[in-house]
Structures are given as structure tokens and as C-alpha cells.
Amino acid sequence: MSKTGIFYSFNTHKTAQVAKKIKELWEGDLDEVNAEKASDEQLMAYDNYLLGVPTWWDGELPNYWDELVPAMEDMDFKGKTFAIFGNGDQKKYGDNFGDAVGIMAKLITQQGGKVIGETDADDYEFEKSRAYADGKFIGLILDFENQANKNNTRIKTWIKQIAKKMV
Ligand SMILES: Cc1cc2nc3c(=O)[nH]c(=O)nc-3n(C[C@H](O)[C@H](O)[C@H](O)COP(=O)(O)O)c2cc1C
């Protein structure tokens, strides 16, 4: 049986809230791993990964993910499947909306991993995003500041879509 892990910072409020909702809806085992303390072994230990990657610093990864990048650049993710979720603020950071999801997806793909979980970008208003191409985001982007009322529906729809590809 394949192993699935959800990696996110346990010290966040909003990302952790999303992760808890995902955990509640997920059917089957889902290991929770604190991205702030993730070892190389933990990063290689799974077949399927859900990564919680909010955007910080005007279009950057938060520090705890940034610190893992050098190690991840040496990892071979061939045969592994990833789905990325992340918070952003489309009004205040419309030129960098959810960029970190795109940055992480690029890194995973470069290292041979498969990224699933594209979502429709129609219902958002922003200028630019590194997570966006051809009407879609490469992962799930949630906006607590402007569209918090859509979070639950977006999470539910996304879980249905990715769970069947992570068996
Ligand atoms: C200093 C700072 C910079 C931010 N930069 C961006 C950004 O470039 N793009 C974006 O979409 N959101 C940006 N945001 C919004 C956050 O992604 C958003 O508040 C998110 O919900 C944070 O999630 P977290 O608290 O779980 O880390 C920024 C927020 C802060 C405080």
C-alpha cells in the first residue's frame, strides 16, 4: 500500500487550519509532518505528498520551505506524486498571487516528481501568479483575506480530485 504524508508548518494558523480540514476529509492514513522540522528521510519517505506552501515576502516561499530547497534539489522524486496547496492574498499581492505554489511545483517537477491537483482560476481576480498557466493554477490556492467563505468548498472539491490519484 502506498504511503501519503501532509507536510506543512505546525506553527502557522491558516495553513494548519487547511491541513486539519484536509486531514478530516481524507479517507485513509495521512501522516502529518512539520515542514519546519522535516528531515531528508521524511522528505523521501512517502509515495504521495500534500504540501502546504503559503506565499510570503512578495512572491517567495516561507522561510521554513526555503531552508529545505537545497536538500530537495539533491533528491530524486521520480515515481512520487505531489499535490500542493497554499494561501495567498489576491488583492494585496495581486502581482505575486500564490507564487510559492508555482515555485514549489517547478522544483518538484525538476526533481522528477509528478504534480497533480490543478484547479480552475476563473473565480479569482489577480494580475500575475507563478502558479498560473492557461486558466489553471498548478495546485489549490486559498485566500483567507478575501474569499475565506469559499475555502471549504474548494478544499472538498480538491480532495475528491486528488485522493483517487493517490491510492
Ligand atoms: C509579509 C507578507 C507577505 C506576503 N506576500 C504574499 C505574496 O507575495 N503573495 C500572496 O499571494 N500572498 C502574500 N501574503 C499573504 C499570505 O500568503 C496570506 O496571509 C496567507 O494566508 C498566510 O498563510 P499562513 O499564515 O498560513 O502562512 C503575504 C503576507 C505577508 C504577511
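The values are calculated or read from the model by the stated rules, or taken from the named source; none is laboratory data. Everything numeric here is computed off the predicted structure, so don't read it as measured data. Ideal geometry is used to build each Cβ from the backbone, glycine not excepted, and the neighbour counts take in all protein chains shown.
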For the range 61-77 the number of residues that are within 16 Å of the ligand (Cβ to nearest atom) and over 19 Å from N34 (Cα atoms) is 0
- request: State whether one or more residues within the range 12-28 are surrounded by 14 or more Cβ atoms within 10 Å (Cβ to Cβ) and more than 15 Å from the chain's Cα centre (by Cα).
  value: yes
Within the range 16-37, restricting to residues that are small (G, A, S) and at pLDDT 95 or above, the one that is nearest to the ligand (Cβ to nearest atom) is A16
The residue that is nearest to G5 (Cα to Cα), considering only those in the range 78-105 that are within 16 Å of the ligand (Cβ to nearest atom) and surrounded by fewer than 21 Cβ atoms within 10 Å (Cβ to Cβ), is D89
By residue number, the members of the range 120-144 that are charged (D, E, K, R) and under 11 Å from F97 (Cβ atoms) are E125, E127, K128, R130, D143
Here the residues within the range 35-86 that are outside any loop (DSSP other than H, G, I, E, B) and out of contact with any helix residue (DSSP H, G or I) (no Cβ under 9 Å at 6 or more places or on another chain) are E41, Q42, M44, N63, Y64, D66, P70
Considering the range 39-56, residues that are among the hydrophobic types (A, V, I, L, M, F, W, C) and away from the ligand (no atom under 16 Å from the Cβ), and then whichever is nearest to G28 (Cα to Cα), we arrive at A45
Within the range 114-137, of all residues that are outside any loop (DSSP other than H, G, I, E, B) and within 12 Å of the ligand (Cβ to nearest atom), the one farthest from I162 (Cα to Cα) is Y132
Those residues of the range 107-147 that are at positive phi and either under 13 Å from the mean Cα position of the chain (by Cα) or in contact (Cβ under 8 Å) with a residue 60 or more places away in the chain (or both) come to a total of 1
Check: Does G5 fit the bill of being more than 20 Å from A121 (Cα to Cα), of a type outside the set (A, V, I, L, M, F, W, C), over 16 Å from the mean Cα position of the chain (by Cα) and not in a helix (DSSP H, G or I)?
Finding: no
Handout entry: So Y46, is it more than 21 Å from I141 (Cβ to Cβ), of a type in the set (F, W, Y) and over 13 Å from the mean Cα position of the chain (by Cα)
Key = yes
